[in-house]
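The values are calculated or read from the model by the stated rules, or taken from the named source; none is laboratory data. From a predicted model like this one, the values you see are computed outputs, not experimental measurements. In this analysis, Cβ positions are derived from the backbone assuming ideal geometry, glycine residues included, and neighbour counts consider all displayed protein chains.
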Amino acid sequence: MFTKKESDPKKTEAQQKNNQKYSKAQFAESRQLSRIEKDILAAVLLEKQTYTIEEAQEHIQQFMNGEAQ
């Protein structure tokens, strides 16, 4: 009756892209971020740590809301 829906390769590719981690330097070189976002990340991210795009966006939002340490 029911058939198993095959996974969409585009979705899995997008999920993998979201799970990838990037260094502070890679965010600084990104074409996906504005100059202001790059400056914020340069101030709040740690050099030897890697972050997902979602984590970087969270850091930007925290900074914009005045929650950064």
By residue number, the members of segment 49-59 that are more than 13 Å from Gln26 (Cβ to Cβ), surrounded by fewer than 14 Cβ atoms within 10 Å (Cβ to Cβ) and either more than 8 Å from the chain's Cα centre (by Cα) or of a type in the set (Gly, Ala, Ser) (or both) are Glu58
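For segment 1-42, how many residues meet the condition of being in a helix (DSSP H, G or I) and either modelled with pLDDT of 95 or more or on the phi > 0 side of the Ramachandran plot (or both)? Spell out the reasoning first.
Initially, segment 1-42 is screened for residues in a helix (DSSP H, G or I), giving 9-19, 24-29, 35-42.
After this cut, where a residue has to be either modelled with pLDDT of 95 or more or on the phi > 0 side of the Ramachandran plot (or both) as well, the list is 24-29, 35-42.
Going through segment 1-42 one residue at a time, the tally reaches 14.
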Positions within segment 39-69 being among the acidic types (Asp, Glu) and closer than 16 Å to Lys21 by Cα, in sequence order: Glu47, Glu54, Glu55, Glu58
